[in-house]
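Structure first, then comments.
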4 protein chains.
Amino acid sequence: MSLIYTKRTDLAVEARDLYNEASKSSGDPDGVISTEFESEGLKVHAVDITTEIGAQKLGKPVGRYVTIDIDPLINHEENAFERAVNAIAGELKKLMQPDPNKPVMVVGLGNKEITPDSIGPRAAEKILATRHLLSSMPNQFGMLKPVTVLSPGVLGMTGIESGEIISGVAAKVPPSLLIIIDALASREAGRLCRSVQLSNTGVTPGSGVNNNRFAINRQSMGIPCISIGIPTVVDAATLTADIMDDQGLKYDINALHDKYGSTFVTLKEIDVQASDCAKVIAYGVNASIQTELSIEDIDMFLS
Amino acid sequence: MSLIYTKRTDLAVEARDLYNEASKSSGDPDGVISTEFESEGLKVHAVDITTEIGAQKLGKPVGRYVTIDIDPLINHEENAFERAVNAIAGELKKLMQPDPNKPVMVVGLGNKEITPDSIGPRAAEKILATRHLLSSMPNQFGMLKPVTVLSPGVLGMTGIESGEIISGVAAKVPPSLLIIIDALASREAGRLCRSVQLSNTGVTPGSGVNNNRFAINRQSMGIPCISIGIPTVVDAATLTADIMDDQGLKYDINALHDKYGSTFVTLKEIDVQASDCAKVIAYGVNASIQTELSIEDIDMFLS
Amino acid sequence: MSLIYTKRTDLAVEARDLYNEASKSSGDPDGVISTEFESEGLKVHAVDITTEIGAQKLGKPVGRYVTIDIDPLINHEENAFERAVNAIAGELKKLMQPDPNKPVMVVGLGNKEITPDSIGPRAAEKILATRHLLSSMPNQFGMLKPVTVLSPGVLGMTGIESGEIISGVAAKVPPSLLIIIDALASREAGRLCRSVQLSNTGVTPGSGVNNNRFAINRQSMGIPCISIGIPTVVDAATLTADIMDDQGLKYDINALHDKYGSTFVTLKEIDVQASDCAKVIAYGVNASIQTELSIEDIDMFLS
Amino acid sequence: MSLIYTKRTDLAVEARDLYNEASKSSGDPDGVISTEFESEGLKVHAVDITTEIGAQKLGKPVGRYVTIDIDPLINHEENAFERAVNAIAGELKKLMQPDPNKPVMVVGLGNKEITPDSIGPRAAEKILATRHLLSSMPNQFGMLKPVTVLSPGVLGMTGIESGEIISGVAAKVPPSLLIIIDALASREAGRLCRSVQLSNTGVTPGSGVNNNRFAINRQSMGIPCISIGIPTVVDAATLTADIMDDQGLKYDINALHDKYGSTFVTLKEIDVQASDCAKVIAYGVNASIQTELSIEDIDMFLS
């Protein structure tokens, strides 16, 4: 099972495959139930980790992980943006039950200056922050749900863990629910900027491009924590090991790690793709919360 | 005294002149003491508001306001950057006595996406955040003072007042002192990006480009609050009224406000100047706290 | 008539008013015919300078100058973007007759790094460059008209006049028509980012934010030269003189110039507004050339 | 020899190794002479392709290719920037003999909006453009050599090949020499942003990140063409094939290309590294031309 740790991925759907490859098994391991379906014509793959045994096997906490394939968006298919937004909003709504009287707090993790790590803060810029409008102009904005938005930055720039900033602000302005947006690492270059993962487990230490050291989850925050992410980097050693396995080759995983160290690679076109990915996530989150608003309404609020 | 309200300025040195012009007086009003001196060859103008009467006259809280003229920097004079950094650091040190066992928290107010309002967050990016280094590698970084850095964003983007975010985080990671960096409004176009104002009064409601609604000061935060700012905008009506007074002309201030509404103008070259201003402020703040480090050391840490 | 030179404007409609104010006359001067009408619900003001006498009076070459008021766009009125694009495209089409066998060359003048001067290069990024598609994939792109796009940069960055770069490239890849996009200076702060001026006179030395030293017009280039611009800056002395005149005050224009030198001011929100203005101009230009494409088609090509 | 075409590299030093690996030979092939030395403490590797046979073997034109290892810069060693600038300037000076009466034309190839492809235009922004200063203020700037700077953009944005733009402008403002800056592809992730390649062969079709279709060399331009580049991307199939060879594994190169298509990857930290690389190249080019100026002088001119 060591391959799970030597091949780095934040996607549960990839972790399941890695487990099967390492254990030479197939189908769902004990404590894991996966299902596939379509939403708005997009492929959706849900992995439910139902027991601690399943959690150990996949190296991820018990909970639900939903991966939505946004290939149609990257390929500029007709109505792909609208369909992707609706699919994301639909799956998010199944994961959360916000209290209408308290704000939802949307958090964008990561470093805006490092493009592959900027999905969180870039998406946060396109989330409709409404709490202040509701309190100052209740008649005009009564149809909106209250939302607060925070981009805590990164430890190296702030000297404070993201989790500390979030819990400090959440103590001051208590939300009923956290939605945390982050960039992820995938195992395959082919998944970069092409899969959105939603989960109800929050953010686990060591996951995300941003390498969070502290968990941001129901246990640490005391409220439900939904996470939403998109893979933007691949660990170079993982990338190589993966293709070798694909070709049925044997290799020395330690040699790969020695050669590449902690080199992560991303797509050459990451500037454009990170911008597109942040937008589709933000609109999906907006649509899941502000159920009265159309995409055009969201455009109008953001302009 | 109505001119104080119709001509908008965040600079105490301009507020004093406005008071004198409106009251046709000269010298220091009651409760106000101003002094001029040089530091590192830069002109410095200090205004001490010592009583509530002085505070009312100038429309600013009791405290010390120090304006440093950074013209030599804009004119690219020799060693101007180093001299400006040293002058800012020197005056800041006179205003503050940080407790070495608790971090100084540096806050960059404003909206990074609006250039004239971006001085705070841009400067924050160049502040050495050290708290995490001191706790994780005390032997290596023992010579540094602990610093945390926060850019809370703006109400329209977060739904939360900057003051709420700051006090939430400060409750979680208590600092001994706040240093708040913000863009300011001046009365004269000629002052834009040319004067740095330091004060020990924090940030007053309605001041700053960012129009803070809540005070961030010793009373609201429970700790000393130093503010440091640089004017980047002029209210168009103020700009016009000011030049008319300068030429001895009479005019209808209401007509000016009707014509311009809340139009603020800035310099055509604000992109470059905001970047230069943010850097000199950040280095001045770094030098005032990390007294063991040279400018070259700060460069090295930031690279 | 000296006021025409002391109050700086690149808009013919303002130059006409300045002439009338200076000469205490009203209506159209000799050699000038102005008309007002609506297009797509937007106000349009055309100034035709028909003789050299008219040209001297307004300080602008003989030709047609059309100003379209895009207030509805700034105010986020319904369908304002589409209406403004159609109005710009409609007026542009009246000014030009491109040869379908040679490309239209679209030029974005100005410095991308100085926001108020970036309208030209920013708009150029949203012009559909099609010449290479037509030659490499004629079957697929046969419905498109050939277009080339150039952003020559600024003299200080290149060491070469924009006019030299354009004529060098035009000699190599001959266009039938030039469309030149540039930022302009207006006389009034209230016009900033709110009026689009089209003309068939190209770009005159000393005009534009960019202060071109060489003319880019039919005489220098040998082909029709359409210019399209939007005011983003006001000369600070002009701004002040203008409001003084407005209030019927007498003043010393030399004192204003002495006080402000060559200070230009712009709107505090110029980052957002320059982006919006560049987009509406680019789409208007695209729609005027690619008459088969809808706004949605243009969106698709640019994504 | 097919591996030379299936493993993509723009570095002559890597092409030589690929040839040797494919032909199971060692040392220099016929028509190729390589030498290693140090400059300013940096490792330098020169590959001279002296005959057409050598050119065929390495898949690159006859000429000199010098690779300078800038690891000390990436590792933030003491004085690394100054040493790298001097090493680049020293090797450039050996490759070129500019005519002091005609300008050197420096060209930044690539797309500024795609970070790994932005080295050329970013470096161009830091080249001292002096031609206009010399002609307008000869007394003040007499110590400078004349330089023009051009960033032609990319075909997809302009509809014109970079080579056409360059030759059009060069016909109008004739230079004695071209220096072309471009981003490159390397074979190994470990070389990304760590090696600067200089050559006297200009830019070959199909090379560069930017995939130039037309040669920019002495033959096409009629003047000496120096190129300077830095690898910022690796073809994903090459990356994988390379590590497999490294481990002595056999694989199906076609399967790799099928899996990855034209996916190029870059470093996660490319934003910061592209900025650093562009700066060191620009300063090296400036120092090679403006031999009277120190690094501090260049800083001053650029501020």
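The values are calculated or read from the model by the stated rules, or taken from the named source; none is laboratory data. Just so we're clear, the structure is a prediction, and the values are computed from it rather than from any experiment. Note that we place each Cβ from the backbone using ideal geometry, even for glycine, and neighbour counts take in every protein chain shown. These area figures cover heavy atoms from the full protein model, side chains too; ligands, DNA and RNA do not enter into them. Shrake-Rupley method; radii C 1.70, N 1.55, O 1.52, S 1.80 Å.
Restricting attention to segment D:229-256, report how many residues are under 26 Å from the mean Cα position of the chain (by Cα) and either of a type in the set (K, R) or more than 10 Å from chain A (Cβ to nearest Cβ) (or both).
4
Quick grid of which residues meet (1) more than 10 Å from chain A (Cβ to nearest Cβ); (2) within 19 Å of the chain's Cα centre (by Cα); (3) more than 24 Å from B:A274 (Cα to Cα):
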| residue | (1), (2), (3) |
| --- | --- |
| B:A129 | no, no, no |
| B:L134 | no, no, yes |
| B:N139 | yes, no, yes |
| B:M143 | yes, no, yes |
| B:L150 | no, yes, no |
| B:G159 | no, no, yes |
| B:I165 | no, no, yes |
| B:I179 | yes, yes, no |
| B:S186 | yes, yes, no |
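Among the residues of segment D:107-127, how many are open to solvent by 10 Å² or more (accessible area, probe 1.4 Å) and not in a helix (DSSP H, G or I)?
Residues meeting the conditions: 6.
Here are the criteria: (1) touching a residue at least 12 places away in the same chain (Cβ under 8 Å); (2) farther than 28 Å from D:A80 by Cα. Tell me which single one D:M244 does not satisfy.
(1)
Being over 19 Å from A:L42 (Cα atoms) and without any contact (Cβ under 8 Å) to a residue 24 or more places away in the chain is the filter here; which residues of segment A:170-208 pass it?
A:A171, A:K172, A:P205, A:G206, listed by residue number.
Determine which member of the set A:S151, A:S199 is in contact with a Phe, Trp or Tyr (Cβ under 6 Å, 6 or more places away or on another chain) and surrounded by 24 or more Cβ atoms within 10 Å (Cβ to Cβ).
So the residue among A:S151, A:S199 that is in contact with a Phe, Trp or Tyr (Cβ under 6 Å, 6 or more places away or on another chain) and surrounded by 24 or more Cβ atoms within 10 Å (Cβ to Cβ) is A:S199.
For C:S288, only one of the following conditions fails: (1) out of contact with any strand residue (DSSP E or B) (no Cβ under 6 Å at 6 or more places or on another chain); (2) at pLDDT below 95. What is its number?
Condition (2) is where C:S288 drops out.
Would you mind finding the one in D:V169, D:V149 that is under 24 Å from D:A282 (Cα atoms) and assigned to a strand (DSSP E or B)?
D:V149
Looking at (1) under 26 Å from A:L267 (Cα atoms); (2) hydrophobic (A, V, I, L, M, F, W, C); (3) out of contact with any strand residue (DSSP E or B) (no Cβ under 6 Å at 6 or more places or on another chain), which is the one condition that is false for A:I53?
(1)
Can you name the residue in segment B:58-78 that is over 15 Å from the mean Cα position of the chain (by Cα) and open to solvent by 40 Å² or more (accessible area, probe 1.4 Å) and is also nearest to B:Q219 (Cα to Cα) among such residues?
For segment B:58-78, the residue satisfying everything is B:V62.
Among the numbered criteria (1) surrounded by fewer than 16 Cβ atoms within 10 Å (Cβ to Cβ); (2) closer than 17 Å to D:V196 by Cβ, which one does D:V47 miss?
Only one criterion in (1) surrounded by fewer than 16 Cβ atoms within 10 Å (Cβ to Cβ); (2) closer than 17 Å to D:V196 by Cβ is unmet by D:V47, namely (1).
Which residue pairs have Cβ atoms closer than 7 Å, lie 6 or more positions apart in sequence or on different chains, and pair a first residue in segment A:264-285 that is more than 10 Å from chain D (Cβ to nearest Cβ) with a second residue that is open to solvent by 10 Å² or more (accessible area, probe 1.4 Å) and part of a strand (DSSP E or B)?
Qualifying pairs under 7 Å: A:Q273/A:L267.
Residues that are part of a loop (DSSP other than H, G, I, E, B) and in contact with an Asp or Glu (Cβ under 6 Å, 6 or more places away or on another chain): does segment A:95-106 have at least one?
no
Considering only segment B:158-171, state which residues are among the aliphatic types (A, V, I, L, M) and over 13 Å from A:V107 (Cβ atoms). Show your work before the answer.
So the first thing to find is which residues in segment B:158-171 are among the aliphatic types (A, V, I, L, M), and the list is B:160, B:165-166, B:169-171.
Result: B:I166, B:V169, B:A170, B:A171.
Could you name every one of the helices (runs of 4 or more DSSP H) located completely within segment B:205-295 that has at least 2 residues being within 20 Å of B:D17 (Cα to Cα) and either open to solvent by 30 Å² or more (accessible area, probe 1.4 Å) or basic (K, R) (or both)?
B:236-246
Residues C:P121, C:P116, C:P103: which one is away from chain D (no Cβ under 14 Å) and in contact (Cβ under 8 Å) with a residue 12 or more places away in the chain? Can you show your working first?
Numbers: C:P121 fails: away from chain D (no Cβ under 14 Å); C:P103 fails: away from chain D (no Cβ under 14 Å).
Matching residue, one of C:P121, C:P116, C:P103: C:P116.
For segment B:192-228, which positions are within 14 Å of chain C (Cβ to nearest Cβ) and modelled with pLDDT under 90?
If the condition is that a residue be within 14 Å of chain C (Cβ to nearest Cβ) and modelled with pLDDT under 90, then B:G208, B:V209, B:N210, B:N211 are the ones that fit.
Taking segment C:18-64 on its own, how many of its residues are free of Cβ contacts under 8 Å to residues at least 40 places away in the same chain and part of a helix (DSSP H, G or I)?
Number satisfying all stated conditions: 9.
Residues that are among the hydroxyl-bearing types (S, T, Y) and facing another protein chain (nearest Cβ under 9 Å): does segment A:67-77 have at least one? Explain how you work it out, then say what you get.
Pass one, segment A:67-77, residues among the hydroxyl-bearing types (S, T, Y): A:67.
Add one more test, that the residue is facing another protein chain (nearest Cβ under 9 Å), and what stays is none.
Checked against the condition, which is being among the hydroxyl-bearing types (S, T, Y) and facing another protein chain (nearest Cβ under 9 Å), segment A:67-77 yields no hits at all.
Please find, among B:G63, B:G31, the residue that is of a type in the set (G, A, S), in contact with an Asp or Glu (Cβ under 9 Å, 6 or more places away or on another chain), within 27 Å of B:R83 (Cα to Cα) and modelled with pLDDT of 95 or more.
Going through B:G63, B:G31 in turn, just one is of a type in the set (G, A, S), in contact with an Asp or Glu (Cβ under 9 Å, 6 or more places away or on another chain), within 27 Å of B:R83 (Cα to Cα) and modelled with pLDDT of 95 or more: B:G63.
When segment B:79-106 is examined, which residues are found to be farther than 14 Å from B:N286 by Cβ, acidic (D, E) and open to solvent by 10 Å² or more (accessible area, probe 1.4 Å)?
Residue satisfying the conditions is B:D99 alone.
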